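Taking it in order: structure first as structure tokens, then the write-up.
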Amino acid sequence: MNEIKEVMRKAPRNREIINELMKLLGARKVSDKLTDLISYSHDYWPITFQWFLKGEVPSLPDAVVFPDSIQDLIKLVKFANENNIPIYTYGGGSGVLGAAVPEYGGIVVDMKKFRNIEIYPEDMYVEAGAGVNGMALEMFLNRYGFTLGHFPQSLYTSTVGGWISTKAIGQFSVKYGGIEDMLLGLEAVIPPGEHLIIKPDPRAAVGPDLKSLFVESEGLFGIITKAYLKIWPYPEKRILLSYASPDLEDALRSVRKIMISGARPAVIRVYDKVETLKWFYMSKKAKGRVGTIIVIEGNKDLVEAERRIVEDAFSSSIPLGEEPVKYWLKNRFNVREISDYLPLGIIIDTIEVAVGWSNAINLYNDVINAIKSIEGTLIAFAHASHFYPQGVCFYFIFGGLPGKEKGVLEYYNEVWSSVMNAVIKYNGAISHHHGVGRMRSKWIKKSIGESAFNLIKRIKEAIDGKNIMNRGNMVI
Amino acid sequence: MFKDKWVIEAMKGTSLGTKLSALKRFILDKSKIDDLTKCALCPNMCRFACPINIVHARETTSPAGKSRIAYLLRENFIPVNQDNVEPLYYCINCDACSVHCPYSYSVNDLIKPMRSNILSSGIYPSSINALINNLKESKCIYPELKTRVSGSINNEEKIDVLYFPGCIALKYYENEVMGALRIFEKIGFKASLFNKPIDCGYIAYELGIESLFIEIARSLVDELNKFDARFIVSPCPECVYMLREVYPHYKIKVRAKIYHTLEFISNHLDKLDLRISDEATYHDSTTLSIKLDEPELLLDVLSRLGIKVISPVRYGKNSFETASENSILYWVNKDLANEINKERFNELRRFSSKIIVPSYASKKSLEGFGGEVIEIMEFLLKEIEKR
């Protein structure tokens, strides 16, 4: 019988806390069963699944708790703070950078019992517990004639709290924005054990915007328990368009035109020539070109006006109709790459970054060339899928099969370094929507600058002086 | 055009050694990746549809979570003991996961072989001892099911419909079962009742105890085939699924044609000549909507009757199954089963005080929380009797 090996563990096992936690919350809400410790030892960081196949995990927590009330959380945070025990908050476990890995053991707090949903139709917002599953929320809203407009690829598995903690964004972001644009207010339990309420206002200029503190905080400042999110009427009309452009530069120029016109199609996705072959496989005209798919939706009059703007912007490209968009809509949540390739020893991952228009093409070329030049790389391609008047998000996808001389981890880190360094060179953002976690932590200071990094540290110290919340994350 | 041709283009510029190495793995190793491993490596994309995941709300009993535990047990990374195998029994065998899986996997089917292995070694949660004993001794989920239901059973007589209520209906709904026979007569079919307390073997099958399932199935079919019936009709979707879809795989043959009551009634609804000005919501059984691929049958029947039907949030293939007494979970953790049922009831109750269900198993699961829960045949009978 093999033993479960912990690859990243940084603190000795603490077997004492389980009895205390049971006294505190009741035995039903606490577990130190091996199966639970394993289940909460990781998120969806691809490299860790390579370990999993060998019976290895990043780091086991000492206990897992399943609170279902604010009172539970207040008691828990007080207890952890008094006893200097780290707390790791867990939602759907779909993060891809190891932000939820309990590398110092401690207590993992599963928030999925916080799943109440209440719609306020007159004021056009929804109140959702931090543990509400994304698709469950969207289905609920649709039943009442609304949409959140938030469709990350993790929609079926991620939670509301996780969206805020990682600054998630969805496929329909050009129209509906990222989670930060939807967030009106939130509630959280923060150290040393206080219930924080930031109420939902249409807008408030009453002191610093505290809710923003929790956006992309990755559990550093407290446990988010609830969010108030904007909702929209379910779109009355949807138009599907697609184009083939001669090259990436041309396609991006068309999109920039749309963005600065003020039009906001819900979805714009520009695929490089390689990925175009995947998503436009049914269209011969797309071969050797750059494919773009566009979804315009909402009020029928506005949608028609936006269609004219889009058609004008892409007038020099070949229109390819609805088919490629329908294919994308059908397959957009089809996540199977890790399942298909990881057992073959092929490591696959994605890296999303943001950059201004002026550096977009150079960054794309540099990154693709850098990844391809690394021995072991099989594939490297990208699409641009979130746009702003100021710039673009590139989503790079790579797959590699390192030879015997180079281990998987070494190859993996080499690719990541080459991409991060290219982004820093072009003054881009090293993450657009996946966050920092354990994987990107070594580049955070270089990316945001020392003064900004130090301010985050000071805020962290002020809120969580004992550093119990997600200890080790972002190396703060 | 070949859909995956793009991968070849994507590998342009890759060194020959890497390319050959990848090619070798694609050709030699790809087919060796088993389904359980693939499921274990998935980010749990089906979890939102899984009633256990939603209500129990724990990673370990999430769909991919269970596959990961099964993988670690199978590969000997963790020991087989009662604690470690318990998550594999947290399943209501609804197959909702399969609808949202890119490979159409049923997690229950993936972990069944593991359950089967560990059961044969005698290590399983002590909570299912009673269930296994019942199945072995009584060939039924209940010990010595004593039903007071009696019908005009005459094996010699030629009948159109043999009504096979299933164990839950026989145990709890004897009057309603007798009522269903009147509907068959009303639409012109001579019907008789099968009231022997024999299970269809569904739970034994889902648990992965194949030999016991086959034994139960054979004894049931021996009894069913004694009747000279054209049709066997059952209000239990699980019984229909077993008799119609699963038994043939084991070469266990039922002579009569098998229908769920909804399927049968749907074909003869006009003969009832009913127009009902009522308002109701409904609960789809996932065995009917997913396993038997009839996602709109209940809605269709209710709509054709003129009822103002209010759809819940989750219906058809997206329905949220209850944890009835013929689910594994019910026997492992009754409190959680009850929570799941309450969750579903509350969702349905948002839309109407009247809830129509296609089976007595669903009715039993949704009763006791308030509101009116009524099985489809029972509903029809009440309307007929009102006239």
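Things to note:
- Stokes-Einstein D (µm²/s) once Rh is taken as the Kirkwood radius of the protein assembly as shown over alpha-carbon pairs, at 37 °C in 0.692 mPa s: 113 µm²/s
- Computed on chain A, with alpha-carbon pairs under 8 angstrom and 6+ residues apart, the relative contact order is 15 percent.
- The C-alpha atoms of chain B define a longest principal axis, and helix B:174-186 lies at about 70 degrees to it.
- Given A:Lys326/B:Lys32; A:Lys29/B:Lys354; B:Lys32/B:Lys112, the pairs whose alpha carbons are separated by over 31 Å: A:Lys326/B:Lys32; A:Lys29/B:Lys354
- Fewest-first ranking of B:His249, A:His195, using other Cβ atoms within 10 Å as the exposure measure: B:His249, A:His195
- With each label modelled as a point 7 angstrom along the Cα→C-beta vector, the B:Ser127-B:Glu157 pair spans 4.5 nm.
- Orientation-averaged projected area, Cα convex hull of chain B (nm²): 22.6 nm²
- For the range A:380-441 versus the range A:77-143, the gap between their alpha-carbon centres in whole angstrom: 27 Å
- 20 Å Cα-Cα threshold exceeded, pairs from A:Lys113/A:Lys226; B:Lys363/B:Lys386; B:Lys136/B:Lys226; A:Lys175/A:Lys237; B:Lys190/B:Lys271; A:Lys113/B:Lys317: B:Lys363/B:Lys386; B:Lys136/B:Lys226; A:Lys113/B:Lys317
- Taking θ as phi - 60° and the Karplus parameters 6.51, -1.76 and 1.60, the scalar couplings of the range A:380-390 work out to 8, 8, 7, 9, 10, 9, 9, 10, 9, x, 9 Hz in sequence order, x denoting glycine and proline.
- Rounded Å value of the spacing that divides the Cα centres of the range A:261-277 and the range B:367-387: 53 Å
- For A:Lys75, a cut-off of 20 angstrom between C-alpha atoms picks up these aspartates and glutamates, skipping any fewer than 8 places away in its own chain: A:Glu16, A:Glu20, A:Asp32, A:Asp62, A:Asp110, A:Glu187, A:Glu194, A:Asp464.
- Packing-based order for A:71-83, A:87-99, using average beta carbon neighbours within 10 Å, highest first: A:87-99, A:71-83
- With distances taken between every two different alpha-carbon atoms, the range B:158-264 has a Kirkwood hydrodynamic radius of 13.8 Å.
- Computed label-point distance, nm, for sites B:Glu339 and A:Asn116 using a 7 Å Cα→Cβ extension: 1.7 nm
- As a proxy for reagent exposure, ranking B:Lys308, A:Lys226 by other Cβ atoms within 10 Å from fewest up yields B:Lys308, A:Lys226.
- Distance between the range B:271-327 and the range B:13-55 - C-alpha centres, whole angstrom: 36 Å
- Share of pairwise Cα-Cα distances greater than 16 Å in the range A:370-476 is 66 percent (whole percent).
- Residues A:Glu194 and B:Gln82, FRET efficiency given R0 of 51 Å [Cβ-Cβ distance, rounded to 0.05]: 0.80
- Ellipsoid semi-axes for the range A:117-233, based on the Cα gyration tensor and the rule √(5λ), read 21, 16, 13 Å when sorted largest first.
- Here, P(r) means the percent of Cα pairs in each 10 Å bin from 0 to the largest distance; for the range A:5-112 it is 16, 50, 28, 6.
- With the convex hull of the Cα atoms taken as the outline of chain A, the averaged projected area works out to 23.0 nm².
- About its Cα centre, the range B:251-337 has a charge dipole of approximately 440 debye under the convention of +1 per Lys or Arg Cβ and -1 per Asp or Glu Cβ, with nothing else charged.
- Charge dipole of the range B:158-264 about the Cα centre (unit charges at C-beta), most positive-ward option of B:Phe213, B:Val254, B:Val240: B:Val254
- Nearest-0.05 FRET efficiency for A:Glu249 and A:Asp312, computed from C-beta distance (R0 25 Å): 0.85
- Counting only other chain Cβ atoms within 10 Å of each residue's Cβ, the peptide A:137-143 averages 3.
- Distance cut-off 13 Å, percentage of C-alpha pairs in the range A:119-181 lying past it: 61 percent
- Candidate lysines - alpha carbon under 21 Å from A:Lys10, same-chain residues fewer than 8 apart omitted: A:Lys33, A:Lys54, A:Lys442, A:Lys457, A:Lys460, A:Lys466
- Crossing angle, helix A:408-425 versus chain A [Cα axis fit, 0-90 degrees, rounded to tens]: 60 degrees
- Helix B:129-138 vs. chain B, principal-axis angle (Cα, 0 to 90°, nearest 10): 50 degrees
- Modelled FRET efficiency - R0 56 Å, B:Glu174 with A:Glu82, Cβ distances, 0.05 increments: 0.40
- Here B:Arg275, B:Arg314 are placed in order of increasing Cβ neighbour count within 10 Å, fewest first, which gives B:Arg275, B:Arg314.
- Taking chain B as a Gaussian network of alpha-carbon nodes connected by springs under 10 Å, the highest mean-square fluctuation of the residues B:Pro125, B:Pro87, B:Pro79 belongs to B:Pro79.
- Fraction of alpha-carbon pairs over 18 Å apart in the range B:42-194 - percent: 68 percent
- Applied to the range A:24-37, the Karplus parametrisation 6.51 cos²θ - 1.76 cosθ + 1.60 on θ = phi - 60° returns per-residue 3J(HN,Hα) values of 6, 10, x, 4, 4, 9, 9, 8, 10, 5, 4, 4, 6, 4 Hz, with x for Gly and Pro.
Read the figures in this text as sums done on the coordinates, not as results from a lab. Keep in mind that what you see is a predicted model, and the values were worked out from it rather than measured. Cβ atoms come from the backbone with ideal geometry, glycine included; neighbour counts cover every protein chain shown.
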